[in-house]
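Contents: one structure, followed by commentary.
The values are calculated or read from the model by the stated rules, or taken from the named source; none is laboratory data. Keep in mind that this is a model prediction, so the values were computed, not measured. Glycine gets a Cβ as well: all are built from the backbone with ideal geometry, and neighbour counts include every protein chain shown.
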Amino acid sequence: MSEVPAKKKARTPSARRRARELALQGLYEWLLGGADAGVIDAHMREQDGFAQCDAAHFDALLHGCIAEAAAIDAVLAKHVDRKTTELSPIEHGVLMIGAYELRHCVDVPYKVAINEAVELAKHFGGTDGHKYVNGVLDKAAAELRPAEVTAARAARR
């Protein structure tokens, strides 16, 4: 008789992943309704699980993405197949977080930034949205972190 493999326990998300999830939810609210960043911030801090998130990373992502939305969209516009305003709010928010991390969070390796964005898209987005996010951020990484991307690609050869 063959054994049925044991199901893996659902892992508790890391503090950084939880910060990304909450920042995405806040960006979603901002993209849909244009609420004030302070109001959104307060709302997100009331959510279950906020205490388990990296609050500094959450602050950087939420407030950084909102403050730099035009600059982030300008980077993304070079790599998307339509206007960023025509993207689903989930994909748009995920791409904003990924681009922000690529631009500002140099302590996060570019592959990790892309993978985390892909995981957000898988969890919150549509069926194949994660593939789109992966392709866009891979192109954006080559622009935002050229030395790191070039070195990684050279190491694979």
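Observations, loosely collected:
- Number of positions in region 45-77 that are part of a helix (DSSP H, G or I) and either aromatic (Phe, Trp, Tyr) or on the phi > 0 side of the Ramachandran plot (or both): 2
Here is a yes/no grid of residues against (1) of a type in the set (A, V, I, L, M); (2) touching a residue at least 40 places away in the same chain (Cβ under 8 Å); (3) over 23 Å from residue 115 (Cβ atoms):
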| position | (1), (2), (3) |
| --- | --- |
| 20 | no, yes, no |
| 24 | yes, yes, no |
| 29 | no, no, yes |
| 34 | no, no, yes |
| 37 | yes, no, yes |
| 40 | yes, no, yes |
| 43 | no, no, yes |
| 53 | no, no, no |
| 59 | no, no, no |
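- Residue within region 87-103 that is in a helix (DSSP H, G or I) and exposed (fewer than 14 other Cβ atoms within 10 Å of the Cβ) present: no
- A single member of 136, 118, 94 is modelled with pLDDT of 95 or more and farther than 24 Å from residue 12 by Cα, and it is 136.
- Residue in region 104-117 that is surrounded by the fewest Cβ atoms within 10 Å (Cβ to Cβ), counting only those that are of a type in the set (D, E, K, R) and outside any loop (DSSP other than H, G, I, E, B): 111
- Qualifying position, being more than 11 Å from the chain's Cα centre (by Cα), of a type outside the set (Asp, Glu) and within 18 Å of residue 40 (Cβ to Cβ), among 77, 71, 67: 67
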